[in-house]
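> What follows is a single structure, and I will ask about it in a moment.
The values are calculated or read from the model by the stated rules, or taken from the named source; none is laboratory data. Note that this is a predicted model, so its numbers are computed, not measured. For neighbour counting, all protein chains shown are included, and Cβ atoms are generated from backbone atoms with ideal geometry for every residue, glycine included. Keep in mind that these areas ignore ligands, DNA and RNA; they rest on the heavy atoms of the full protein, side chains included. Shrake-Rupley method; radii C 1.70, N 1.55, O 1.52, S 1.80 Å.
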Amino acid sequence: MYDFLEQSMRLMHRAAEAGGIDPDVVELLSGPARVVAFRIPLRMDDGSFRVFDAYRVRYNDALGPTRDGTRVSKDLDLGEVKALALIMSVKHAAGLIPAGGGKGGIKADPAELSRGESERLYRGFIRYLQPSGPDYDVPGADVGTDLQCMAWMLDEYEQITGRHAPAAVNDKPAIIGGTLGGYEATGRGVFDVFRDAADHMGMEIEGARVAIQGFGQVGSVAARQFFDAGCRVIAVSDVRGGVYDRNGIDIPALLEHSQQTGSVVDLPGTRAVTNAKLLETDCDVLVPAALQGVITEDNAPRIHPRLLVEAANGPTTVEADDILLDNGVTVVPDVLANAGSVHLCQMERTQGLSDDYWDLDTIERLRRERLLAGYRAALNTAARFELDSARMGAWINALKRMEEAIKTRGWC
Ligand code: NAD
């Protein structure tokens with residue numbers, strides 16, 4: 001049975017050992033600094049009453065205020081939120097971002113909620129969490145939360161405190177203090193690190209065969225980028241199933257089809273593929289962009305792209321990662337591949353705090369530069385430690401930065 005928290009802990013301990021991190025620091029990082037569990041009461045549209053479990057985890061704030069997503073899913077549990085908060089700490093630290101890792105969530109199925117119920121639930125999240133503002137902990141979006149959800153959350157915070165504080169909530173619309181380019185940042189970043197890795201490997205981008213699991217915010221934006229660059233996107237899936245075309249799927253047509261029907265399935269001119277089979281598709285580039293724990297020791301021996309670009313958080317188990325490395329698959333890990341949004345959130349914060357809003361070209365340029373700097377730093381560290389793994393390089397870089405901050409503060 002897949003355990004996201006246990007997997008993330010094992011990764012942390014493995015990197016700490018490889019990087020020679022002080023055992024006291026490792027002990028401190030073996031659990032989150034603070035965990036808040038609370039319940040949100042909600043009157044439903046039909047008059048019935050429900051209570052939703054919610055969490056906020058601040059993993060470690062040695063490098064700066066904790067920040068990041070709010071996941072809303074019917075299967076959410078606290079272990080998952082803790083694992084994601086640890087991954088966010090690593091993502092910020094590996095990307096040289098002065099922030100700690102945070103994550104929150106609500107155990108609810110967003111698809112079952114009306115718009116009114118959603119608004120009351122997300123506003124309730126802020127009322128019952130009682131966040132303390134931009135210098136303490138900043139919630140952002142994740143699976144199940146979008147621009148509108150974050151707008152409600154920011155508005156609730158500002159109504160409660162009685163002052164404008166755009167930097168108190170991330171991933172909000174630009175009109176109320178968000179940043180341009182936020183929605184596309186992760187998907188575009190996935191493509192940017194792919195291109196860098198492909199250049200490094202001598203892989204031809206034009207015509208490269210790409211399979212993408214997940215066609216949400218990240219997967220759909222990334223798919224468009226691959227398509228526009230001349231790659232052949234041969235398979236795409238979402239929660240309802242997938243489509244396959246060995247000659248390459250028309251991604252603009254798929255975007256329209258998915259907007260009209262709510263899913264990628266049944267795109268005319270394609271044949272059906274299951275999510276399980278998509279991962280095993282014969283392709284050059286595989287992009288898991290949906291869920292954690294989808295590549296395991298069971299299916300890893302049958303997964304053999306030249307390049308695996310992890311757009312989702314935690315898609316590959318530790319055991320599967322070893323198998324892929326043995327089989328010569330180059331892996332760009334989640335903490336690097338999907339870090340576009342954390343760089344955007346850093347810029348969103350800077351703009352919100354200074355009330356000075358930047359143009360899209362500036363934001364895109366900084367995002368790309370910062371993202372690729374983190375990726376190359378991870379590759380350098382991996383080479384220095386003679387590890388054939390960008391994942392280990394990124395985690396070692398992150399742990400070393402956290403270690404230095406923790407020791408400088410005198411925490412251990
Ligand atoms: P989303 O909710 O917009 O899209 C998720 C996609 O995955 C949808 O197409 C959905 O149908 C599909 N999906 C859900 N369950 C599935 C299943 N069981 N099998 C196959 N497909 C399934 O979410 P998103 O924002 O695109 O995030 C996707 C992943 O990327 C998550 O792991 C998230 O943590 C990670 N991520 C997102 C961002 C961001 O900026 N949105 C940033 C970093 C990491």
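> With 16 Å as the cut-off, how large is the P(r) tail for the range 20-136, expressed as percent of Cα-Cα pairs?
62
> Ranking request for peptides 142-150, 48-56: highest mean number of other beta-carbon atoms within 10 Å first, then the rest in descending order. Display every interim value, and only then the final one.
Values: 142-150: 21.2, 48-56: 15.9.
Packing proxy ranking, top to bottom: 142-150, 48-56.
> Radius of gyration and Dmax for the range 202-333's Cα atoms, expressed in Å?
Every Cα atom of the range 202-333 included, Rg and Dmax give 13.6, 42 Å.
> Taking all protein chains together and a probe of 1.4 Å, list H200, H343, H13 from the most accessible to the least accessible.
On the way: H200 145, H343 5, H13 80 Å².
Largest accessible area first, the list is H200, H13, H343.
> Right, next: Tell me the accessible surface of K407 in square angstrom (1.4 angstrom probe, heavy atoms of protein chains only), to the nearest ten.
Looks like 90 Å² after rounding.
> Can you list the HN-Hα couplings for the range 204-220, worked out from phi with the Karplus curve (6.51, -1.76, 1.60; θ = phi - 60°), rounded to whole Hz and with x for Gly and Pro?
Residue by residue, the range 204-220 yields 6, 6, 4, x, 4, 8, 10, 10, 10, 9, x, 10, x, 4, 7, x, 6 Hz.
> Going through the range 167-231, which GluC sites (Glu not before Pro) have at most 15 other Cβ atoms within 10 Å and a DSSP loop state?
E204, E206
> Would you mind pulling out the separation of the Cα centroids of the range 384-402 and the range 79-129, in Å?
Between the Cα centres of the range 384-402 and the range 79-129 lies a distance of 26 Å.
> Something else now. Using each residue's phi in the range 143-148, evaluate 6.51 cos²θ - 1.76 cosθ + 1.60 at θ = phi - 60° and report the 3J(HN,Hα) Karplus result to the nearest Hz, with x for Gly and Pro.
Ordered by residue, 3J(HN,Hα) equals 4, x, 10, 10, 3, 5 Hz.
> How much area per residue is accessible in the range 173-311 when the probe is 1.4 Å and only protein heavy atoms are counted (Å²)?
Details: 5850 Å² over 139 residues.
Accessible area per residue, the range 173-311: 42 Å².
> Using only the alpha-carbon atoms of the chain as identical scatterers, what base-10 log of I(q)/I(0) does the Debye formula give at q = 0.06, 0.10, 0.14 Å⁻¹?
Log10 I(q)/I(0), no solvent term: -0.22, -0.64, -1.31.
> What figure in square angstrom, to the nearest 10, would you give for the accessible area of I97 with a 1.4 Å probe?
0
> Mind pulling up the Rg/Rh value for the range 259-412? Radius of gyration and Kirkwood radius, both on Cα.
Ratio value, two decimals: 1.05.
> Multiply the residue separation of L353 and R384 by 0.36 nm, subtract the distance between their alpha-carbon atoms, and state the gained length in nm to one decimal.
On the way: separation 31, 0.36 × 31 = 11.16 nm, distance 3.80 nm.
Additional length available on full extension: 7.4 nm.
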